[in-house]
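What follows is a set of notes on a single structure, which appears directly below.
The values are calculated or read from the model by the stated rules, or taken from the named source; none is laboratory data. As the structure is a prediction and not an experimental result, all values here were calculated from the model. Virtual Cβ from ideal backbone geometry, glycine too; neighbours counted across all protein chains shown.
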Number of protein chains: 2
Amino acid sequence: MQQTLTIGELAHRSGVAPSALRYYERLGLIRAGRTGGNQRRYDRAELRRVSFIRIAQQVGVSLEEIREALDGLPESRTPTKADWARLSSHWQAKLNDRIAFLERLRDDLTGCIGCGCLSLTACRLSNPDDELADDGPGPRRFPALS
Amino acid sequence: MQQTLTIGELAHRSGVAPSALRYYERLGLIRAGRTGGNQRRYDRAELRRVSFIRIAQQVGVSLEEIREALDGLPESRTPTKADWARLSSHWQAKLNDRIAFLERLRDDLTGCIGCGCLSLTACRLSNPDDELADDGPGPRRFPALS
DNA sequence: ACTTTACTTAAAGCCCACTTCAACTTGCAC
DNA sequence: GTGCAAGTTGAAGTGGGCTTTAAGTAAAGT
């Protein structure tokens, strides 16, 4: 018989509060079996899911997006190494995008200070994505990520 | 007389909705003069403030922290190049911290896949029993950049 | 002068990611 | 078999970051 965890144990091992775990379950991010007395019992594999959720959150991904990603895992069987590798490499791509974005931000900020224009609004940091040419320096929308 | 912007103009040029600009004003992030008829008129320098706010938000900083940072600007005069350079370099440090954090995350993720441990929970990626356990309610921002 | 668009306010609403509450039930330790 | 920590539920509350609404005023175009 497979070893299971109570909600308190999973909470302790994952660093996520029990209330958050119940919330995740309502959103369909994790699953739990039940005892005869209706208490949750988590397969140890859920620990990995919770870790994944927390990592994705740190990258700035919403729970809804995380749910969509986790939906890519097989439902019928415990995810294999290959399953997780696929998901994780997808997240590495997201991380790389985000890192590149922040680096661009940092470098542009440096340029703005260095060049003396000082107008954050006048550099490519704020890209005039529309009719800039009314009068004077233009409208500035920040470039959206991905 | 100094050229000013209506709230609609500032909204258009900054890409921030008028309601958000009024909200920022309530929080003390930006300031506005008034016409005889009580309408807001923004000094062009406010455009820079709004840009700064948006950039800081992209880095994952809360409005409260942004307000504290902006409080470092002189109230009596229009901020000089040096004023902005000081603020911006502080933000560059934040950016670097955040970039370093994400890189560590990315590299650890690679390691987890490569080594086959597959247990994200077994690496330093997930720090069980740690301080993140009780952050209180509210949307999770990015981890503190200190 | 008139019409239309833009602005004003306070208060309420919304979305996300949770937490807290109240009232109750399970299940492990002794 | 009893005591008590740990679990259960739905509903309501919290905090951040806004948007929407309603009712009214200002200013710009013709």
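In table form, for the structure just shown:
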| read-out | value |
| --- | --- |
| Residue list for segment A:24-43, filter: assigned to a helix (DSSP H, G or I) and loosely packed, with under 14 Cβ neighbours inside 10 Å | A:Arg26 |
| Of all residues in segment B:9-23 being in a helix (DSSP H, G or I) and within 10 Å of DNA strand D (Cβ to nearest atom), the one that is surrounded by the most Cβ atoms within 10 Å (Cβ to Cβ) | B:Leu21 |
| Residue check for A:Arg44: at pLDDT below 95, within 30 Å of A:Asn96 (Cα to Cα) and away from DNA strand D (no atom under 16 Å from the Cβ) | no |
| Selection count, segment A:27-42, where residues are more than 6 Å from DNA strand C (Cβ to nearest atom) and over 13 Å from A:Ile7 (Cβ atoms) | 3 |
| Unmet requirement for B:Ala32, which otherwise passes all of (1) of a type outside the set (Asp, Glu); (2) more than 9 Å from DNA strand D (Cβ to nearest atom); (3) within 14 Å of another protein chain (Cβ to nearest Cβ); (4) in contact with a Phe, Trp or Tyr (Cβ under 6 Å, 6 or more places away or on another chain) | (3) |
| Residue within segment A:4-25 that is under 16 Å from A:Ala69 (Cβ atoms) and more than 14 Å from every other protein chain (Cβ to nearest Cβ) present | no |
| Hey, B:Ser62 near DNA strand D (Cβ under 8 Å from one of its atoms) and either crowded, with 21+ Cβ neighbours inside 10 Å or farther than 21 Å from B:Pro79 by Cα (or both) or not | yes |
| Hey, A:Arg77 away from every other protein chain (no Cβ under 11 Å) and of a type outside the set (A, V, I, L, M, F, W, C) or not | yes |
| Given (1) within 10 Å of chain B (Cβ to nearest Cβ); (2) buried (at least 19 other Cβ atoms within 10 Å of the Cβ); (3) within 22 Å of B:Gly60 (Cβ to Cβ), index of the condition A:Asn96 fails | (2) |
| Count - residues of segment A:70-90 that are over 24 Å from B:Val59 (Cα atoms) and small (Gly, Ala, Ser) | 4 |
| Residue match in segment B:50-63 (condition: over 26 Å from A:Thr110 (Cα atoms), in contact with a helix residue (DSSP H, G or I) (Cβ under 7 Å, 6 or more places away or on another chain) and at pLDDT 85 or above) | no |
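Here's the yes/no breakdown for (1) without any contact (Cβ under 8 Å) to a residue 12 or more places away in the chain; (2) out of contact with any strand residue (DSSP E or B) (no Cβ under 7 Å at 6 or more places or on another chain); (3) on the phi > 0 side of the Ramachandran plot:
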residue	(1), (2), (3)
B:Ser19	yes, yes, no
B:Tyr24	no, yes, no
B:Ala32	no, no, no
B:Leu47	no, yes, no
B:Ile53	no, yes, no
B:Gln57	yes, yes, no
B:Gly72	no, yes, no
